[in-house]
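Participant: Got a structure for you, written out below as structure tokens; questions coming shortly.
The values are calculated or read from the model by the stated rules, or taken from the named source; none is laboratory data. Here the structure is a predicted model, which means the values were calculated and not measured. Cβ placement follows ideal geometry from the backbone for every residue including glycine, while neighbour counts extend to all protein chains displayed. Heads up: the accessible areas ignore ligands, DNA and RNA and are worked out on the full protein's heavy atoms, side chains in. Shrake-Rupley method; radii C 1.70, N 1.55, O 1.52, S 1.80 Å.
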Amino acid sequence: MIDSPEAYEESYLFRAAIEPTGLMSPGFKADALELAALRRQQEHIARDGWQTMTPIELFEANRQFHETLAKWSGNRFIVQGVRRTDQLRRLVEYRQARARAPRQAQAMEHLTILDAIAAQDLLEAASRMRAHLEGARRGKVYSADVFPAAGA
């Protein structure tokens, strides 16, 4: 359960360990149709969706992005790890989604990851994913919006 800043931080450290690894897995294979759909969704969020989408819609778009990339890894353990972590962080992320401006920046980061995947530069995609997760960890873990006692 993610019930403290420490648990939330551990979830980000776990994700930073497995998600970039998934992008560099020998069996990694992006699906062109899914890639295009993810791009459209992230472009919408970056353009103006970050202002109009509900916290649930923002979380679902984020979840879909990360879980699709994990699926492309071809590694069932990475897929299961990302899915389980998303299940655990759902409620915490709904509270985080009230802070809207970071959603635009995160969507733009997602687009740079998709660009690297489209260019078949998986090392760059993995590097960008690690930086993306680290930035999110630093920006969210000790936010007063999520765990009020921690931010006080």
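Participant: Suppose only helical runs count, i.e. DSSP H with n ≥ 4. What mean residue ellipticity at 222 nm does that imply for the chain under -39500 (n - 2.57) per run, divided by all residues and rounded to the nearest 500 deg cm²/dmol?
Facilitator: -24500 deg cm²/dmol
Participant: Write down Rg/Rh for segment 1-81, rounded to two decimals, with Rg from the C-alpha atoms and Rh from the Kirkwood relation over Cα pairs. Spell out each step's value before the answer.
Facilitator: On the way: Rg = 14.2 Å, Rh = 14.0 Å.
Result for segment 1-81 is an Rg/Rh of 1.02.
Participant: Pop the C-beta distance of Glu67 and Glu10 into the FRET formula with R0 = 22 Å and round what comes out to the nearest 0.05.
Facilitator: Values: r = 19 Å, r/R0 = 0.88.
Given R0 = 22 Å and the Cβ-Cβ separation, E is 0.70.
Participant: Related question: In Å, what is the Rg of the alpha-carbon atoms in the chain, and how long is Dmax?
Facilitator: That works out to 14.7, 46 Å for Rg and Dmax.
Participant: Still on this structure: In Å², and per residue, what accessible area does the chain have when probed at 1.4 Å with the other protein chains present?
Facilitator: Using a 1.4 Å probe on heavy atoms only, each residue of the chain averages 52 Å².
Participant: How much of the accessible area of segment 1-121, in percent, comes from carbon and sulfur atoms when a 1.4 Å probe is used?
Facilitator: Working: 3480 of 6250 Å².
Ligands and nucleic acids excluded, carbon and sulfur reach 56 percent.
Participant: Which value in nm describes the separation of the simple spin-label points at Leu123 and Arg47, placed 7 Å from the Cα toward the beta carbon?
Facilitator: If labels sit at Leu123 and Arg47, their model points lie 3.5 nm apart.
Participant: Moving to a separate point now. Give me a comma-separated list of calculated 3J(HN,Hα) values for segment 42-48, in order, Karplus coefficients 6.51, -1.76, 1.60 applied at θ = phi - 60°, integers in Hz, x for any Gly or Pro.
Facilitator: Result, rounded to whole Hz: 5, 5, 4, 4, 5, 6, 8.
Participant: Could you work out how far helix 101-118 tilts from the main Cα principal axis of the chain, as a 0 to 90 degree angle to the nearest 10?
Facilitator: The answer is roughly 20 degrees.
Participant: From largest accessible area down, sort Glu10, Glu43; use a 1.4 Å probe on the protein chains.
Facilitator: Output order, biggest surface exposure first: Glu10, Glu43.
Participant: Continuing with this model, one more query. On a 0 to 90 degree scale, rounded to 10, what angle separates helix 5-23 from the longest Cα axis of the chain?
Facilitator: The answer is roughly 10 degrees.
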